[in-house]
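Read the figures in this text as sums done on the coordinates, not as results from a lab. This one's a predicted model, so the numbers in the text were calculated from it and none came from an experiment. Reconstructed Cβ throughout: ideal geometry from the backbone, glycine too, with neighbour counts over all protein chains shown.
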Amino acid sequence: MSLLELKEVSAFYGRIQALRSVTLEVDQGEVVALIGSNGAGKTTTLRTISGLMHPAGGSINFDTRDITNTGPETIVQRGICQSPEGRRLFVRMSVQDNLLMGAYIRTDKPGIAADIERVFTLFPRLKERRTQISGTLSGGEQQMLAMGRALMARPKLLMLDEPSLGLAPILVETIFTIVREINAQGTPVLLVEQNAHKALEVAHRGYVLETGSIVKTGTGKELLESEDVQKAYLGM
Amino acid sequence: MSEPTTVKKPGSLWARLHLRERIKDRDTAIYGVLLVVVLVWPMSTYYATGSSFLTSQAAHAGTWVLLAIGLNVVVGFAGLLDLGYAAFFAIGAYCYALFASFQLQSSPLHHAYHLPFWLMLFVGMFVAAAAGAILGFPTLRLRGDYLAIVTLGFGEIVPQLFLNLDQWTGGINAIGSIDQPSLPGWITGPWAGATSIAILPNFNFSYDPTAYYVLVVIMIIIAVVLVTNLHRSRLGRAWMAIREDEVAAAAMGINTVTTKLLAFSIGASFSGFAGAYYGASFGLVSPDSFLFVVSITVLVMVVLGGMGNITGVIVGAIAIYFVLNNVLVSLPTNAESFANAVGLGFITKTNGDWPGLAEEARRLQFLLYGLILVGMMLLRPQGLFPSRVREQELKHDAVVEEETVAEQVPAR
C-alpha cells in the first residue's frame, strides 16, 4: 500500500469545483511531481491533503490511516508537513526561531537541536544567517528556510508548493538539487510546480493536472518525452 | 562520539526564541524598581500625607494592573483584539457580589450566601474563564476586525444583562455592602488582635486600605509569575506563531482554534480574578462600572505600556491610572493655584462667557487626556517598554520599507 493515496477526491471553493475526482499516490522513497498551469488545482490538492481544506468527496489515506476529514494539526502529527504556497515564513522571527517553530509538535530537545544542524548542513546559507530576521532574507534563502522549517517536523512526507516560484535560474537549480538530496536522505516528496521541466527531471513519477482533473500520469521521463506535455507545459 | 555543541545545552534553544537573555536585564531592573516602590509606598505616603489615601488609591490601581496583565495575554501574546474585556471583569465582580452579600435574599432564592472571599476569588476566575471559552468558541473563527466587533458586542451585552436581571442583581440599584475578606483563623491565630505579640496587627480588611494593598500586590505577583511562565511555554510560542501568521501556524501543527480559545479564556480568568477583588475592595458592584470605557482604558494601558511585554503593561497601567485619577482630577485646582501663583489670579474668576479657570480645566480634562495619549503614541509608538520581539517587528517593518524604497530607485 502506498504511503499517500488520494481516491477520487473532489473539492469545492463555494460552488466552484476545484478538484474533480483526483486520484494519485506517493510511495515510500519517491519524488512525485504534480504539474499543471495556473488554476489547475495543484495548490488545492495540497491544501486538501494537509487538512487546510476538506474534500467534498473521495478519500485520502496516509500511512494506512484515513485522513480525509482530519484537521491540519493532527495531519502534521501523523507526518505530513508542507512548505506552503508563498512560503509563509514567520517573517518577523529569526531564521533559527522559524526552524524551532517548525519543530513545534516535537518535544525531544536534543533531537530538535540535531535537526537544526542537519538543516544547516543542507542549507549552509541559512547557518550564516541564523540570527537574521527571516523577512529580510533574499527570496531564495526564504525558500530554503521554508523547506528547512518543514523538515524540522521530521515529516514522513514532505510537500513543497512551488519552491522555484520567483527565484533566479541559478537558485532554481540549487533548490531542485536540494529536493533530490532530501529525498536521498529518505523523505518522500510531493512537489507541486509550474516549472514542469525541472520538476519532471527530479521526479520519479508525475501527474498532470488540468482544470481540476488528472489528465496524464507516468514516470518523470515518460512525461518529459510525451508530446502533449511538451506542447502544453514545456514550450516545445 | 562527537555531537554538535548545541546538543549539550538543549535548554538554551527555546530560551533563544524568546530572546530571554536580552529581555532579562531591563525587565529585572523594572521589576526591582517596582518592588522597592511597592514596599515603601504605604509607609512613605502615610508619613508624607498623614493619611492612607494614597495607599488605597494604589490598591485600586492594582485592579487595573491585573486587568492589563490579563488583556495582554489576549492582545499582546495572541494578537486577538478584544474590545469587550470589561465583560469578564463584570462577571468576576458579580460572581463575588452575589455570593457574598445579602443580595440573594431578595432574589427568587430567598437565601443570602456569604461564601468566603478566598474561595470566590477562584470561583470568579473560573466562571470568567468559562465565559471566555463560551464566547470564544463560536467567534474565534473570525479574524481581526470581525472578532473585535463581536467582543465589543459581548462587552455591551453583559452589563446590560446585569442591569436587566434586576430580580437577581438588583439592576440599577447595584449590589452594596459586599462582604469584606477576612483572614482565616489559622493565619490570624490566637495571637492576633490586641495582644502584644500580634504578627499581623491591624490586618483587617474593614478598616485598613493597607490590607487590600498587600492583597492586590500578592495577586499581581501571582499573575506575573503565571503569565511569565505561560509566555515562555509551548503555548506561548503557539500564540506568537498565531499572531504572526495563522495559516503558517496551522501548517506547523498548531491547533489554532484551541490555542486562541486558551488565550481568550486565560485572559478572561485574570479579569475574573480582578473582578472578585474589585467587588470586595469597593464594596459596591453596579452595572455602570463595566462600561465600554473600561475595556478601552485597559486596552490603552496595554498598547501604551508595550504590547506583549509584561513589565511594560504594568508600567502602562500605573501610568494611565495616574493620569486619569490624579493628574486629570487635580487639574482644576492645580491650574487655579498655578494661575494665582504667577499673578494671573483674574482668570480664575468667572467673567462673561468665561467660566473661570477651574471650570474650564474641568471641561477640557478629556481633551487633555486625548492629547496625552496621542503625544505618547507619537513619541513611542512601540509603547513605553515594548517586548524585544515587538521592537524587532517595528524595526523590521522599517527595514522592509527602506528596501522597497531602495528598489524603486533606479540603479546606477
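Report the calculated FRET efficiency for residue B:364 and residue B:49 (r = Cβ-Cβ distance, R0 = 25 Å), to the nearest 0.05. Write down the numbers at each step before the final one.
Details: r = 27 Å, r/R0 = 1.09.
So the FRET efficiency works out to roughly 0.40.
Give, in nm to one decimal, the length gained when the segment between residue B:377 and residue B:111 is fully stretched (0.36 nm per residue of separation minus the Cα-Cα distance). Write out the running numbers ahead of the final one.
Values: separation 266, 0.36 × 266 = 95.76 nm, distance 5.11 nm.
Value of the extension gain: 90.7 nm.
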Residue B:228 versus residue A:127: modelled label distance in nm, points set 7 Å from Cα along the beta carbon direction: 3.6
Which of the listed residues, B:40, B:106, B:312, is farthest toward the dipole's positive end in the protein assembly as shown, when Lys, Arg count +1 and Asp, Glu count -1 at the beta-carbon? B:40
So what is the orientation-averaged projected area of region A:102-236, using the convex hull of its C-alpha atoms, in nm²? 9.3
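Convex hull over the Cα atoms of region B:104-143, averaged projected area in nm²? All intermediate terms of the calculation are to be shown ahead of the outcome.
On the way: hull surface 16.8 nm².
Over every viewing direction, the Cα hull of region B:104-143 projects on average to 4.2 nm².
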Taking the dipole of region A:172-236 about the Cα centre (Lys, Arg +1; Asp, Glu -1; charges at Cβ), the one of A:233, A:186, A:219 that reaches farthest to the positive side is A:186
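Compute and list, largest first, the equivalent-ellipsoid semi-axes of the protein assembly as shown from the alpha carbon gyration tensor, each √(5λ) rounded to a whole angstrom.
Largest first, the protein assembly as shown gives 57, 28, 25 Å.
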Over region A:86-154, one equal point on each Cα, no solvent: what is log10 I(q)/I(0) by the Debye formula at q = 0.12, 0.18, 0.23, 0.25 Å⁻¹? -0.24, -0.55, -0.91, -1.07
Which entries in the list A:42/A:156; A:7/A:231; A:198/A:231 go over 18 Å, if you measure between the two C-alpha atoms of each? A:42/A:156; A:7/A:231
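Kindly provide the Kirkwood hydrodynamic radius of region B:94-164 in Å, to one decimal, from all pairs of distinct alpha carbon atoms.
On the way: mean 1/r = 0.0712 Å⁻¹.
Every distinct Cα pair counted, the radius reaches 14.0 Å.
Please give the calculated 222 nm ellipticity per residue for chain A, where each DSSP H segment of at least 4 residues contributes -39500 (n - 2.57) and the sum is spread over every residue; nearest 500 deg cm²/dmol?
Working: 10 runs with 91 residues, N = 236.
Theoretical 222 nm ellipticity from helices: -11000 deg cm²/dmol.
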